[in-house]
Amino acid sequence: MNIKKLPKVELHRHLELSVRHSTIKALAPQIGINVDDPKDFAKYFLITEPMKDLGSVLNKFLDTQKLFKTVDIIEQISYEICEDAHNEGIKVLELRYAPTFLVLGHDHISFEQAHLAIVRGIKKAEKQFNMAVGLLCIIQRISPLNIAESVTDFAIEHKDTFIGLDLADNEEGFDSKPFSSFFLRAKKAGLGITVHAGESDVPNAPRYILEAIEHLGATRIGHGVQCFRDENVIQYLIDHQIPLELCPTSNWLTGAIKDKNNHPFKSLMDKGVLTTINSDDPGIFNIDLTHEYELLMSKYGLTEKDFKYCNDIALKCSFISEEKKKAAWSV
């Protein structure tokens, strides 16, 4: 089986952390970081060993974020991310980004300017590579509610170029329920709803998954890996046909699971949970989606039939329009 050539769907990839390494090396000197030494590059821009918690990982993202200095750079990076995905065999791709995070420290760039640059890069790639790409807008759960509301407004105002709304950042200490009205309003406006939940290895993680579904209207869960600790939550996901956007290597690097050889992906799939395969932050984690397939095959025995099953789920539950998905998938 040639994994790289398998047609793939990816639902969970963060635009800000998918930057091509050659582009990072070209841009880093502009923000005062010399990466001539590979050790320096790794120090500033890679996570390849588990960090103590998700919060530590999120802090490491900041150096990469500094690279998004101009709209031209944002457009270039957006195009390159799609090109790299195409080279991994991805035909249908959902990218997500947080407007508040992307423009942080770049006061000369507005949400609107950044978004239009991303859209230009994506459209150029879609046309060139015959792929379907959709954009999810992220609310950072660490944001004050008035900021979260403005991001929601922005997503709804641009629902012609956004396919959905997401809630991300550290779960512990940042309850999702206060954001409920924003997500329900976005859902009513026609946006798909996926929420980062049940990612961190914390006591209440399984409950966070249910809250995302019941209070925010999520029809997919970003990560959700901690559901394996609660059979009632597993059964709820099965009964309500809620897919998980699982990211095996990411879960190990963020400390969500302690052993990369013992991820619950296969056991959840065997129980009937709808599982999809995703890379999360391939640039900073030094992986790609092909790597995740190889990991699942070598460590957990997934077969080509299993990969097809996961891609069928991902294709069906992607928020990208049916017409657009069908055109890309049939190429």
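Bear in mind that the values in this text are calculations on the coordinates, not laboratory data. Predicted model, so just to flag it, every value in this text is computed and none were measured. Heads up, the Cβs are rebuilt from the backbone with ideal geometry, glycines too, and the neighbour counts pull from every protein chain shown.
Numerical summary
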read-out	value
Matching label, Kirkwood radius over Cα pairs in Å computed from the structure shown, candidates [x] 19.7; [y] 20.4; [z] 22.4	[x]
Cα centre as origin, Lys/Arg/Asp/Glu Cβ charges: segment 3-320 dipole, Debye	540 debye
Sequence ranges 151-160, 248-257, ranked by mean other-Cβ count within 10 angstrom, highest first	248-257, 151-160
Span-rule helices in the chain, defined as complete DSSP H runs reaching 15 Å or more along the axis (Cα) with Kyte mean at least 0.5	145-157
Mean-position separation - Cα centroids, segment 58-136 and segment 274-312, in angstrom	22 Å
Part-to-part distance (alpha-carbon centres) for segment 246-272 and segment 185-208, which is given in Å	18 Å
Extension reserve of the Gln241-Asp175 stretch, reckoned as 0.36 nm per residue once the Cα distance is removed	21.4 nm
Given Lys266/Lys305; Lys8/Lys159; Lys123/Lys326; Lys91/Lys326; Lys266/Lys299; Lys305/Lys325, the pairs whose alpha carbons are separated by over 19 Å	Lys8/Lys159; Lys305/Lys325
13 Å beta-carbon shell around Gly134, net charge (K/R +1, D/E -1)	+1
